[in-house]
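Q: Just passing along the structure, written as structure tokens.
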Amino acid sequence: MNMHKYEKIWIFFGSATLLVFLTLVGISAFYMGNKPPSCAVTLDPETVREHALFKEPGLKEIGDNEYQLTIVASAFDYDVGNPEKVIEIPKGAKVHVSSTTTDVIHGFEIAGTNVNMMLEPGYISTYTNTFKNAGTYTLVCNEYCGVGHHLMSATIEVVE
Amino acid sequence: MGEPQKKNQAHVDEHEGIDLRGTLFGVGVVGFVIIIMWFGVWSLFLSR
């Protein structure tokens, strides 16, 4: 096949770029361990409070600088284990976030971080995140869930 | 009768007279924008 010289240049350029992108995605996923949020575990949405993980929501230390954060969402509230709705996380801590909803679909976004999940009734949404930067972050619902949707929030404080 | 077919014709450059420099430039600009955006989003993901 006889191709123009410039056509050969941009086909090479496009193929090389695609190869670089796919290689970086592979390194990111398999070497660096970056994974999308999971919702492979199911539970009965009517007995969420009886589930071992969600009996006492909040932050629990499970290892060396490693924490389990469980939050129960419902219209129009995040139960984070305290009435102030503030969670303090040490900077650099690895946090396994698990959350579910007792009623309708809610969003779960910690603005300014990579934590962004959808909470569906009957499923436990999980994501592991390392909080590298100190500061105050807001947990917000980003799925419209009803008239009080805008009231659904909590605060995450990453402290030194 | 039509013209007789020419046999053993020398190689002819079928791209002669076609100027694709503008297209190459256009593809290059689009590619550059895609690369910058891709690495920007990826670095943002890694930094947060």
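Q: Please identify the pairs in which a residue from the stretch A:97-112 that is over 25 Å from A:VAL158 (Cα atoms) has its Cβ atom under 8 Å from the Cβ atom of a residue that is of a type in the set (S, T, N, Q), counting only partners at least 6 apart or on another chain.
A: A:THR102/A:SER74; A:ASP103/A:SER74
Q: Test of understanding: among A:ASN65, A:ASN114, which residue is at pLDDT below 95 and either charged (D, E, K, R) or surrounded by fewer than 16 Cβ atoms within 10 Å (Cβ to Cβ) (or both)?
A: Only one candidate passes the filter, namely A:ASN65.
Q: Do we have any residue at all in the stretch A:91-100 that's within 14 Å of another protein chain (Cβ to nearest Cβ), under 14 Å from the mean Cα position of the chain (by Cα) and either modelled with pLDDT under 95 or surrounded by fewer than 20 Cβ atoms within 10 Å (Cβ to Cβ) (or both)?
A: No: the stretch A:91-100 contains no residue that is within 14 Å of another protein chain (Cβ to nearest Cβ), under 14 Å from the mean Cα position of the chain (by Cα) and either modelled with pLDDT under 95 or surrounded by fewer than 20 Cβ atoms within 10 Å (Cβ to Cβ) (or both).
Q: While we're on this one: So B:LYS6 ticks every box in (1) within 30 Å of A:PHE131 (Cβ to Cβ); (2) exposed (fewer than 12 other Cβ atoms within 10 Å of the Cβ); (3) at pLDDT below 90 but one. Which box is left unticked?
A: B:LYS6 satisfies all of (1) within 30 Å of A:PHE131 (Cβ to Cβ); (2) exposed (fewer than 12 other Cβ atoms within 10 Å of the Cβ); (3) at pLDDT below 90 except (1).
Q: I've got another one for you. Evaluate the stretch A:67-87: report whether one residue or more is free of Cβ contacts under 8 Å to residues at least 12 places away in the same chain and basic (Lys, Arg).
A: no
Quick grid of which residues meet (1) in contact with a Cys (Cβ under 8 Å, 6 or more places away or on another chain); (2) over 16 Å from A:GLU56 (Cβ atoms):
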{"position": "A:LEU69", "(1), (2)": "no, no"}
{"position": "A:ALA73", "(1), (2)": "yes, no"}
{"position": "A:ASP79", "(1), (2)": "no, no"}
{"position": "A:GLU88", "(1), (2)": "no, yes"}
{"position": "A:ALA93", "(1), (2)": "no, yes"}
{"position": "A:HIS106", "(1), (2)": "yes, yes"}
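Q: Okay, next question. Just to be sure I understand, how many residues within the stretch A:108-160 are over 17 Å from the mean Cα position of the chain (by Cα) and not in a strand (DSSP E or B)? Working first, answer last.
A: If we filter the stretch A:108-160 for residues that are over 17 Å from the mean Cα position of the chain (by Cα), which is where we start, we get A:122, A:134-135, A:144-151, A:159-160.
Going one step further and asking which of them are not in a strand (DSSP E or B), we end up with A:122, A:134, A:144-151, A:160.
Going through the stretch A:108-160 one residue at a time, the tally reaches 11.
Q: Within the stretch A:49-68, identify whether any single residue is within 14 Å of chain B (Cβ to nearest Cβ) and not in a strand (DSSP E or B), and answer yes or no.
A: no
Q: Failed condition for B:LEU20, given (1) surrounded by 10 or more Cβ atoms within 10 Å (Cβ to Cβ); (2) modelled with pLDDT under 90; (3) more than 10 Å from chain A (Cβ to nearest Cβ), with all others met?
A: The single condition B:LEU20 does not satisfy is (3).
Q: Could you list all residues from the stretch A:6-39 that are assigned to a helix (DSSP H, G or I), within 8 Å of chain B (Cβ to nearest Cβ) and out of contact with any Gly (no Cβ under 8 Å at 6 or more places or on another chain)?
A: Selection gives A:TYR6, A:GLU7, A:ILE9, A:PHE21, A:LEU24, A:SER28.
The values are calculated or read from the model by the stated rules, or taken from the named source; none is laboratory data. Because the structure is predicted, anything quoted here is derived from the model rather than measured. Because the Cβ atoms are built from the backbone with ideal geometry, glycine has one as well, and the counts that use them run over all protein chains shown.
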